[in-house]
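Asker: My questions all concern the structure below.
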Amino acid sequence: MQKLSPIIQPTDLVQLNPDQIVLIDASAGSKARYDETHLKGALYIDLNTDLAHIEDFAVGGRHPLPTLAQFAQVLKRFGIAKDSHVVIYDDKNGGNAAARFWWMLKAIGHEQVQVLNGGFNAAIAAGFPSSSAVETPRVVAAYAINSWNLPLADINEVEIASKTGNQVIVDVRDKNRFDGLTEPIDLIAGHIPNARNIPFTENLDEKGFFLAPETLKKKYSEALADTPIGHVIVHCGSGVTACHMLLAMDYAGLSIPKLYVGSWSEWSRNNKEMVLAAK
């Protein structure tokens, strides 16, 4: 089976046979908009209840991964089988939650998965039909999952990296959050000591589309100074927009580094050392 690009262009989506794809709307916090209008055939997946198993923000952060058994049930409920071609979009610039679902599918070995470049609005502009109908998923067998196969880092590994510098820590939140000047979600503003800030929005052009793969490859090769991918840990606020960087790197033809799912939401709730804004 030919390897798909992790990014699909809106004009290419229009050309696909809708009966041969599973189309997923992963727009976080936009269920009302989905009910009013969505891409025809798309099923709405919820970031909080389908793509995370939230219990205690101090243990795993605001969007910890579900268990493998829970995720398998989600895939079955959405009609996703091992050979399904899954196309994911959302209505945010660059596909934040879409990137999280992409990473989760890639992490269990699902190769036929793509994120729609430009998201909902770009698809509509390209002529993809919209609908307000209630969509029905296909009936499929249980999806057997054995493990998360992409690399993960936990809070202990991140703490060692922060203190020793044995790995590069990348924070993809916007600069004001990284600098501790503002924090709209978590309790404390700041960042993990010795982390580098590479905002995920820098993966996009002024229209909200991903930069060209060769541009992204040059950007990350320079930013990481050719650090071995096995020594790079990427995080954000809660392990969602971090996946945007992982998606961009895969699009660029680079290997996928470690994801710290707990991210700042976990770190800042565990009395760890923090860099706060200067008073």
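Readers should treat all values here as calculations from the given coordinates under stated rules, not as data from a laboratory. None of the values given here were measured: they were computed from a predicted structure. Cβ coordinates were reconstructed from backbone atoms using ideal geometry, including for glycine residues, and neighbour counts include every protein chain displayed.
Asker: In deg cm²/dmol and to the nearest 500, what is the mean residue ellipticity at 222 nm of the chain if only DSSP H runs of at least 4 residues count, each as -39500 (n - 2.57), divided by the residue total?
Answerer: When only DSSP H runs of four or more count, the value is -8000 deg cm²/dmol.
Asker: Taking the Cα centre of each part, how many Å lie between segment 129-174 and segment 106-125?
Answerer: 15 Å
Asker: Could you give the longest part of the chain that holds none of the GluC sites (Glu not before Pro) found in DSSP loops with at most 15 neighbouring Cβ atoms within 10 Å?
Answerer: Of all site-free stretches, the longest is 112-205.
Asker: Between residue 132 and residue 111, how high is the FRET efficiency from 1/(1 + (r/R0)^6) when r is the Cβ-Cβ distance and R₀ = 25 Å? Nearest 0.05.
Answerer: Step by step, r from the Cβ atoms, then E = 0.20.
Asker: Now for a different question. Neighbour counts of other C-beta atoms within 10 Å: give me 19, 25 arranged from fewest to most.
Answerer: Fewest-to-most Cβ neighbours within 10 Å comes out as 19, 25.
Asker: Measure up 217/258; 163/219; 3/76 against 19 Å on the Cα-Cα distance and list the ones that go over.
Answerer: 163/219; 3/76
Asker: Straight-line reach from residue 207: which lysines have a Cα under 18 Å away, not including same-chain ones fewer than 8 places off?
Answerer: Those lysines meeting the cut-off are 92.
Asker: Normalising by the residue count of segment 7-131, find the relative contact order in percent from Cα pairs under 8 Å and 6+ residues apart.
Answerer: 37 percent
Asker: Could you name the aspartates and glutamates whose alpha carbon sits less than 14 Å from that of residue 40, not counting residues in the same chain fewer than 8 places away?
Answerer: Answer for residue 40, where 14 Å is the Cα cut-off: 19, 25, 90, 135, listed by chain and number.
Asker: Over the chain, what is the percentage of antiparallel beta bridges among all DSSP beta bridges, to the nearest 5?
Answerer: The answer is about 15 percent antiparallel.
Asker: Find how many whole Å separate the alpha carbon centroid of segment 212-279 from the alpha carbon centroid of segment 1-61.
Answerer: Cα centres, segment 1-61 to segment 212-279: 22 Å.
Asker: Determine the relative contact order of segment 155-267: mean sequence separation of Cα pairs under 8 Å and six or more apart, normalised by residue count, in whole percent.
Answerer: Relative contact order here is 29 percent.
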